1. Taking Thr59 as the residue in question, decide whether it is at pLDDT 95 or above and of a type in the set (Ser, Thr, Tyr).
2. Would you confirm, using the coordinates I've provided, whether Ala79 is out of contact with any His (no Cβ under 8 Å at 6 or more places or on another chain), farther than 18 Å from Ala145 by Cβ and either at pLDDT 95 or above or outside the structural domain of Lys148 (by TED's automatic domain parsing) (or both)?
3. Can you find, within segment 61-116, the residue that is surrounded by the most Cβ atoms within 10 Å (Cβ to Cβ) among those that are closer than 30 Å to Asp30 by Cα, hydrophobic (A, V, I, L, M, F, W, C) and touching a helix residue (DSSP H, G or I) at 6+ places or on another chain (Cβ under 7 Å)?
4. Given the conditions (1) modelled with pLDDT under 95; (2) in contact with a Leu (Cβ under 9 Å, 6 or more places away or on another chain); (3) at negative phi, which single one is not true for Asn163?
5. Would you call Gly119 among the small types (Gly, Ala, Ser) and either loosely packed, with under 14 Cβ neighbours inside 10 Å or on the phi < 0 side of the Ramachandran plot (or both)?
6. List pairs: first residue in segment 41-64 and outside the structural domain of Asp19 (by TED's automatic domain parsing), second residue at pLDDT 90 or above and surrounded by 10 or more Cβ atoms within 10 Å (Cβ to Cβ) anywhere in the structure, Cβ distance under 6 angstrom, at least six positions apart or on different chains.
7. Taking segment 134-154, which residues are within 21 Å of Asp69 (Cβ to Cβ) and touching a helix residue (DSSP H, G or I) at 6+ places or on another chain (Cβ under 7 Å)?
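The values are calculated or read from the model by the stated rules, or taken from the named source; none is laboratory data. What you are looking at is a predicted structure, and each value in this text was computed from that prediction instead of being measured. Neighbour counts run over all protein chains shown; Cβ positions are idealised from the backbone, glycine included.
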Amino acid sequence: MDKQRQSQRDQLFKPELHDPYLRHWHAHGDAFCPECGVSYQAGRWSWQELDDAEHAERTACPACRRIADKAPAGNLTLAGHFVKEHSDEICNLLRNTEALEKREHPLERLMTIGDDPEGLVVTTTGMHLANRLGHALEAAYKGHADYKYSDDQTLVRIRWERN
C-alpha cells in the first residue's frame with residue numbers, strides 16, 4: 001500500500017484529526033466538565049470518576065462546547081409521511097440509540113430534535129452518533145438514508161426518508 005493511501009486509511013479512524021473541537025484539546029492533566037460531568041483522563045473522555053477530582057482542571061468538554069456554540073457535527077433530516085405519523089416512536093428510538101452510544105462515547109450526544117415541514121431535523125455533537133442514528137432508522141423502519149460528508153470531514157448530513 002502506498003504512503004498516501006495508508007495515511008488516508010489511518011485518518012479514517014482518528015476523528016480528532018478532523019474535528020476542530022477535539023483537535024484543540026490539550027489538557028495538561030486530568031479535567032472535569034462541570035456542565036455534564038464527563039472527565040478527561042489519560043488522553044480520553046469518559047464517565048469514569050477522577051481519582052483526584054479536586055485538582056482536575058474544570059473546563060467544558062468538546063460536546064458541551066459544540067452544544068453551546070450550536071455547531072453540530074451531524075445533521076439528520078427525517079422526511080416522509082411515516083415520520084409525521086410515528087414521530088413519538090422515532091424520537092424514542094433516537095434517544096435510546098443516543099443513550100447506548102453515549103455510554104461508551106460520552107462526546108456523542110443529541111443536540112436537538114425539532115419539527116420540520118418534511119418531518120424532523122436532528123443534530124448531534126458527533127458524526128458517529130449521526131451515522132448510528134441513520135443505521136438504526138434503516139434497521140428499525142427500513143426507508144432509505146443518504147450520507148454526505150463535508151470536504152474537510154467535520155460534518156455529516158444524513159437524509160432518511162420513508163413514505
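1. no
2. Taking the combined requirement at face value, the residue does not satisfy it.
3. Once the filter is applied, the top-ranked residue is Ala73.
4. All conditions pass for Asn163, except number (2).
5. The answer is no for Gly119.
6. Within 6 Å, no pair qualifies.
7. Listed by number, the list holds a single entry, Thr154.
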